[in-house]
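Below is one structure, written out as structure tokens, with a few remarks after it.
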Amino acid sequence: MLTHLNRIFADYAYPRSVEITWHAPDGQFNDIILTYPNGYRRGQRYPLVVFSHGGPEAASTEHFDGGEIGPLRDLFAARGFLVFEPNYRGSDNLGNAMSTRSIAIRSRGRTAM
């Protein structure tokens, strides 16, 4: 260990965030970030917070301070909530080409969703 600057956080229980991915019927790659409450037990019911980031060029990520939600995700999880953060089409975590394609489709009067 090089330093002890964050020693006060050593015993803090950080919630677990995971990226869940799938391909839509048209082949489009999609993902969400799901954060589990501290002490999560499979089969137990939990209240849900859905955080839909701004856009079209924004994204939710697994990082501690990632995206617009920042550390609020951890605060909700610490209070017993599941936190669901969808990255809808056009989110910039999928790259500039995907964002540009999504905007181009919308400008032609079709939806990319």
Q.
Report every pair of residues separated by at least 6 positions or lying on different chains whose Cβ atoms are under 8 Å apart, first residue within region 1-24 and on the phi > 0 side of the Ramachandran plot and surrounded by 10 or more Cβ atoms within 10 Å (Cβ to Cβ), second modelled with pLDDT of 75 or more and among the aromatic types (F, W, Y).
A. none
Q: Can you give me the number of residues within region 26-74 that are surrounded by 15 or more Cβ atoms within 10 Å (Cβ to Cβ), at pLDDT 75 or above, touching an Asp or Glu at 6+ places or on another chain (Cβ under 8 Å) and of a type in the set (S, T, N, Q)?
A: 1
Q: Could you list all residues from region 1-25 that are closer than 16 Å to Y88 by Cβ and either under 13 Å from the mean Cα position of the chain (by Cα) or modelled with pLDDT under 80 (or both)?
A: E19, I20, T21
Q: Taking A78 as the residue in question, decide whether it is of a type in the set (A, V, I, L, M) and at pLDDT 85 or above.
A: yes
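Report, by residue number, each residue of region 72-86 that is over 17 Å from I20 (Cα atoms) and part of a helix (DSSP H, G or I).
Across region 72-86, the qualifying residues are L72, D74, L75, F76, A77, A78.
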Q: State which residue is farthest from T21 (Cα to Cα) when the search covers only region 33-51 and only residues that are in contact with a strand residue (DSSP E or B) (Cβ under 7 Å, 6 or more places away or on another chain) and not hydrophobic (A, V, I, L, M, F, W, C).
A: Y46
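The values are calculated or read from the model by the stated rules, or taken from the named source; none is laboratory data. For clarity, every value in this text was computed on a predicted model and none was experimentally measured. Cβ sites come from the backbone with ideal geometry, for glycine too, and all protein chains shown count toward neighbours.
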